[in-house]
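Peer 1: Handing you this structure, nothing more for now.
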Amino acid sequence: MTDYVLVLFYSRNGSVANLATQLARGVESTGMEARLRTVPPVSADHEATGKAVPDTGAPYATLDDLRQCAGLALGSPTRFGNMAAPMKYFIDQTSELWMQGALVGKPAGVFSASSSLHGGQESTLLSMMTPLLHHGMVIAGVPYTEQALIETQSGGTPYGPTHVSGTRGDATLTDHEISLARALGKRLGQLARQLKAS
């Protein structure tokens with residue numbers, strides 16, 4: 001079985017998906033496989049049911065994707081300073097993995113996007129770390145040795161890569177945002193190798 005870092009994300013307008021792609025490139029620069037997966041949307045209508053397979057993009061994640069990964073990158077857009085409901089819904093279904101200790105000791109990082117610079121990116125990243133800590137994962141951020149973290153005028157925090165998408169959600173990733181996403185991916189790939197070897 002191939003070791004892989006699971007890049008698990010929810011993206012409504014594409015910004016988080018674009019960050020996920022860059023993060024996956026960072027993972028793969030270490031020789032590790034990056035496995036892109038998403039989660040389905042949720043509905044306030046209790047009778048609504050979504051498609052079993054998305055029309056485009058990454059497949060939906062399963063608990064086995066999470067159970068078998070060597071590391072995890074978790075991404076969500078900011079919703080009032082917190083992760084989006086579809087990601088929270090998926091995470092809330094991982095009690096079985098928690099009881100088994102399936103994620104203990106595996107490296108994890110988080111990433112996000114918001115429409116404005118002060119749109120709650122850091123609190124979203126911190127909120128996404130909380131369940132990962134409950135799972136016993138080893139949290140990895142972006143160290144200030146990454147020059148892009150010091151120079152960025154848009155997204156990017158030590159808690160994880162971020163993107164400022166603009167009020168219409170049409171802003172492209174900046175060079176700094178790309179660099180920081182790839183840096184976290186590379187770090188997770190390296191840590192996954194090291195922790196698995198030990």
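The values are calculated or read from the model by the stated rules, or taken from the named source; none is laboratory data. For clarity, every value in this text was computed on a predicted model and none was experimentally measured. In this analysis, Cβ positions are derived from the backbone assuming ideal geometry, glycine residues included, and neighbour counts consider all displayed protein chains. Accessible surface is based on the protein model in full, side chains and every heavy atom, while ligands, DNA and RNA are left aside. Shrake-Rupley method; radii C 1.70, N 1.55, O 1.52, S 1.80 Å.
Peer 1: Could you pull out the GluC sites (Glu not before Pro) across segment 1-94 that fall in loop regions by DSSP (anything but H, G, I, E, B) with no more than 10 other Cβ atoms inside 10 Å?
Peer 2: Here the GluC sites (Glu not before Pro) that fit, given the DSSP loop and packing criteria, are Glu47.
Peer 1: Go through Arg37, Arg12, Arg79 and list them by solvent-accessible area, largest first, probe radius 1.4 Å.
Peer 2: Reading off the accessible areas and sorting them downward yields Arg12, Arg79, Arg37.
Peer 1: Can you pull out the chymotrypsin sites (Phe, Trp or Tyr not before Pro) in segment 1-87 that DSSP calls coil and that have at most 10 other Cβ atoms within 10 Å?
Peer 2: Phe80
Peer 1: Same structure, new question: Where does segment 47-133 land on Rg/Rh, using Cα atoms and the Kirkwood Rh?
Peer 2: Taking Rg over the Kirkwood Rh, I get 0.98.
Peer 1: Based on DSSP H runs of at least 4 residues, each adding -39500 (n - 2.57), what is the mean residue ellipticity at 222 nm of the chain after dividing by all its residues, to the nearest 500 deg cm²/dmol?
Peer 2: Calculated mean residue ellipticity at 222 nm is -11500 deg cm²/dmol.
Peer 1: Using the Kirkwood radius built from alpha carbon pairs, what does the Stokes-Einstein equation give as D for segment 104-198 at 20 °C and 1.002 mPa s, in µm² per second?
Peer 2: 156 µm²/s
Peer 1: Around Val7, under 11 Å between beta carbons, what's the net of Lys plus Arg minus Asp minus Glu among the other residues?
Peer 2: 0
Peer 1: Hey, another quick one. Pairs on different chains or at least eight residues apart, Cα atoms closer than 22 Å: how many lysine pairs in the chain fit?
Peer 2: Lysine pairs satisfying the spacing and distance rule in the chain number 5.
Peer 1: Calculate, for segment 91-198, the solvent-accessible area per residue in square angstrom, rolling a 1.4 angstrom probe over the heavy atoms of the protein chains.
Peer 2: 50 Å²
Peer 1: So who's got an amide H within less than 5 Å of the one on Ile139, skipping anything under 5 residues away but keeping other chains? H placed 1.01 Å off N, in plane.
Peer 2: For Ile139, the qualifying residues are Ala108.
Peer 1: What are the ³J(HN,Hα) values, in whole Hz, obtained from phi via the Karplus relation 6.51 cos²θ - 1.76 cosθ + 1.60 with θ = phi - 60°, for each residue of segment 185-196 in sequence order, with x given for Gly and Pro?
Peer 2: Result, rounded to whole Hz: x, 4, 5, 5, x, 5, 5, 4, 4, 5, 5, 5.
Peer 1: With contacts defined as alpha carbon pairs under 8 Å and 6 or more residues apart, what's the relative contact order of the chain in percent?
Peer 2: It rounds to 27 percent for the chain.
Peer 1: Separate question: How would you order 145-152, 166-173 from highest to lowest mean count of nearby Cβ atoms within 10 Å?
Peer 2: The densest-packed peptide leads the list: 145-152, 166-173.
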